[in-house]
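Colleague: I'd like to ask you about the structure that follows.
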Amino acid sequence: MVGTTNKLITWLLEQSKDKKYEVKEYKEKRSLDSNAYCWVLLGKLQDKLDIPKEEIYKDLIRNIGSYEIVPVKDEAVERFRKAWNKNGLGWITETMKSKLKRLYQCNYILWF
């Protein structure tokens, strides 16, 4: 449901008390025009820098985007990476050696 604070509170008070609800700020999705313009600009950077626009995009995601570090067991790393990366070009995973080997029984930590 999307609405003002009063509308949401009224709606929540009418709902079942045993259920859990998540409330978050509503944000407009980026338009297809702005997404297309982003790729036009990335193409211009590609021409000037001689770097593929997909690599520029991934680098921007790495440097500007938010990420979370998650310990993952060795045997699950590749399966997790494949599943995560299927979401799109900007869904990046990277691995690093874990210092939490004994505690989490993992050798790698993924960040995404």
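Just so it is clear, none of the values below were taken in a lab; they were calculated from the coordinates. The structure displayed is predicted, hence computed values, not measured ones. A quick note on method: Cβ atoms are made from the backbone with ideal geometry, for glycine too, and the neighbour counts reach across all protein chains shown.
Colleague: Past 32 Å, Cα to Cα, is the threshold; run Lys27/Lys97; Lys24/Lys97; Lys24/Lys82 against it and keep the listed order.
Modeller: On the way: Lys27/Lys97 36 Å; Lys24/Lys97 34 Å; Lys24/Lys82 29 Å.
Distance filter (> 32 Å) returns Lys27/Lys97; Lys24/Lys97.
Colleague: Hey, with R₀ at 30 Å, roughly what FRET efficiency would Cys38 and Glu75 work out to, going by the Cβ-Cβ distance, to 0.05?
Modeller: On the way: r = 37 Å, r/R0 = 1.24.
It comes to 0.20.
Colleague: What shape does segment 21-83 take by its C-alpha gyration tensor, where a ≥ b ≥ c are the square roots of the eigenvalues and a/c under 1.5 counts as rounded, a/b above b/c as prolate, and the rest as oblate? If you can, show how the numbers build up before the last one.
Modeller: On the way: a/c = 2.80, a/b = 1.27, b/c = 2.21.
Oblate, because a/c is 1.5 or more while a/b does not exceed b/c.
Colleague: Something else about it: Return the aspartates and glutamates within reach of Lys53: Cα separation strictly under 20 angstrom, same-chain partners fewer than 8 residues apart disregarded; answer none if there are no such residues.
Modeller: Reachable aspartates and glutamates: Asp33, Glu94.
Colleague: On to the next question. Compute the distance in nm between two label points, each set 7 Å from the Cα along the Cα-to-Cβ direction, one at Met96 and one at Arg62.
Modeller: In this crude label model, Met96 to Arg62 measures out at 1.2 nm.
Colleague: For the chain, just the Cα set please: Rg and Dmax, both in angstrom.
Modeller: 20.4, 58
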